[in-house]
Every structure is written in C-alpha cells, then in structure tokens.
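Structure, as structure tokens:
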Amino acid sequence: MLLRLPTSVSETQEYLTQGAVPIGGATLVWATWQRDGFPEHAMSLRDLPEANTIEPETLGAAVVLNRIDDRVPEVLRRAASTVGTGAVRRTATVGGNIVGSTLRCLLPAALVLDARAVILEPEGVTETDLAEVVAKRQLLLSLRWNTPITSNYVKAAAEPGGPSPLVVAAALHAVAGGGTLLRVAVRSEDEVFSETAAYHGDAGETLSTLWDGSLGRLPVPARELVGRQVTELLARPGGR
Ligand SMILES: Cc1cc2nc3c(=O)[nH]c(=O)nc-3n(C[C@H](O)[C@H](O)[C@H](O)COP(=O)(O)OP(=O)(O)OC[C@H]3O[C@@H](n4cnc5c(N)ncnc54)[C@H](O)[C@@H]3O)c2cc1C
C-alpha cells in the first residue's frame, strides 16, 4: 500500500483524482483491510493544515478525538469525549467518525451546530450539508459552524447487545434580526432525529413545538432525556 501524506490542498486533490482511499486513524479500516487486503493507494490528511484546525468555528477532519478541547462548543467537545475508549479517542479522527463510522456520535453535535461540511472533490474545495457528505462519503476536510449561545450533549449508558446508546445534543443560536432558535438532535434506536424551535423565554412552549415535530415520535425515555437537557440548557444564564 502506498500511503500519501499530502501537505497542501492541491496535492490532496491530485491523490484524490488518482483514487487514493482516505484514512483517518485506521481504527475501523485496519481489521477489514487485514481480512480483505489493503488498498493500493491510501491518503492520510494528518499533515494537511486545513484538516488539522481546532478553532471556535472550525474543526479539521484529521483532528484526533482526544485533541478536541474547549476551543470548540461544549456540545462537540462532550460528544468527542464519549466516543469509545481512551485508546480509540487517541487514534480515531473527526472524518473517520462522521463519514466512516456507523455510530457517528459526533453527528448529532454537528447537526445542532448547523455545521457545514467542507469537502474536497476532484473539481476543488466546496461546502455541503452533513447529510450529503454522510450519504456520498465525500472527502471531508473540516466542519464549519457559527458559535451558538450555549450547547449541551448527553449520551446514555449502552445496554449490552442493544441498539446504540441514546444521545441528545442541543444548541441555542442567536437569529439574525433578533430572537433565538433551539436545535435538538437525538439518536434513538439507531435513528437520528433533529428539530428546531423558536425560544421566546418559555421552555415549556419550546418543548411543545419540539413534540409537534419528529421528536414527538420518540419513545418515552428519550423524550424524558430531551426534556431534561432542553430545560437545563434554557435555564443557563446565556440561554435567555
Ligand atoms: C472499541 C471501539 C469503540 C467505539 N465506540 C464508538 C462510540 O461510542 N461512538 C462512535 O461514534 N464511534 C465509536 N467507534 C467508532 C469510532 O468512532 C471509529 O472507529 C472512528 O471514528 C473511525 O475513525 P478513524 O479515524 O479511525 O477512521 P478510519 O478507520 O481510518 O476510517 C474509517 C472510514 O472513514 C473514512 N474516512 C476517514 N477519514 C475520512 C475523511 N476525512 N473523509 C472521508 N472519509 C474518511 C475511511 O475511508 C474509512 O472508510 C468505536 C470504535 C471502536 C474500535
């Protein structure tokens, strides 16, 4: 296997056009490759500056999960800190989690930040939404978002042999022209739900709007957790 380590976007684009397979920390692909054979041509973004940024409104795809700190919003930091074991977090990357994993604990956090995916295609760098990058498995360079007023994230304990654990992510955003908007994303029984509701100072009213949408279909334990998370978030001083 020829492993490329591009240091510029143009070099990355060249290897992408040549068919190099993206690789993050190889926590998922290694076992498959050992079983089915290694690709001839692979590419890691670990030396590409654009894929290694950790800033208040940007997170690079090659960033290793345990490097995600308080430079990014709480929701993303907490999501990263709950992935797998310490050994996994020391190796696994943002790109591998969002694009390559099935659990994708970072996805609900990115959804409530209304994050955009910065991707590289053979034609060049472009932005797309998260659903598209997940569906088409495009080469992710980074995530970009606007700083929320406040945010939170909780992951319930996993039941052995059961579905992936319940996750609730929430973020409150200022709206251009005035007002605030709450975004909530929930992973329940392997399905991801996401909703938005205006917040005018009344948490009960905002929750009612959420239940009128897709979150109303959630099972009772998930609804209870959403209720607790949203109430806690909106009670914060910054939430008003
Ligand atoms: C023991 C264990 C526990 C885990 N627990 C959790 C958990 O609780 N929550 C959770 O969400 N995940 C969990 N995972 C999955 C973990 O998040 C993934 O292993 C990890 O995110 C994959 O990252 P990686 O960088 O190692 O990807 P790799 O194994 O290198 O790649 C995985 C896939 O992603 C693709 N890929 C990598 N980078 C990019 C990119 N920049 N653009 C496009 N495609 C890319 C690769 O081509 C490949 O198809 C667990 C994994 C293990 C092994």
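Just so it is clear, none of the values below were taken in a lab; they were calculated from the coordinates. Quick caveat: nothing in here was measured; it's all calculated off a predicted structure. Ideal geometry is used to build each Cβ from the backbone, glycine not excepted, and the neighbour counts take in all protein chains shown.
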Whole-Hz ³J(HN,Hα) for each residue in the stretch 100-108, computed from phi via Karplus 6.51 cos²θ - 1.76 cosθ + 1.60 with θ = phi - 60°, x for glycine and proline: what do you get? x, 9, 8, 6, 6, 4, 6, 5, x
Please label the shape of the stretch 1-115 as rounded, prolate or oblate, based on the square roots a ≥ b ≥ c of the eigenvalues of the alpha-carbon gyration tensor (a/c under 1.5 means rounded; beyond that, a/b larger than b/c means prolate, else oblate). oblate
Classify the chain as rounded, prolate or oblate, taking a ≥ b ≥ c as the square roots of the eigenvalues of its Cα gyration tensor: rounded when a/c is under 1.5, otherwise prolate if a/b is larger than b/c and oblate if not. prolate
Would you mind telling me which residue in Leu28, Leu65, Leu143 has the biggest mean-square fluctuation in a Gaussian network model of the chain, where springs connect alpha carbons within a distance under 10 angstrom? Leu28
Test of understanding: ordering Thr128, Thr58 by Cβ neighbours within 10 Å, fewest first, what list do you get? Thr128, Thr58
Just in the stretch 66-154: which GluC sites (Glu not before Pro) are loop by DSSP and have at most 14 other Cβ atoms within 10 Å? Glu123
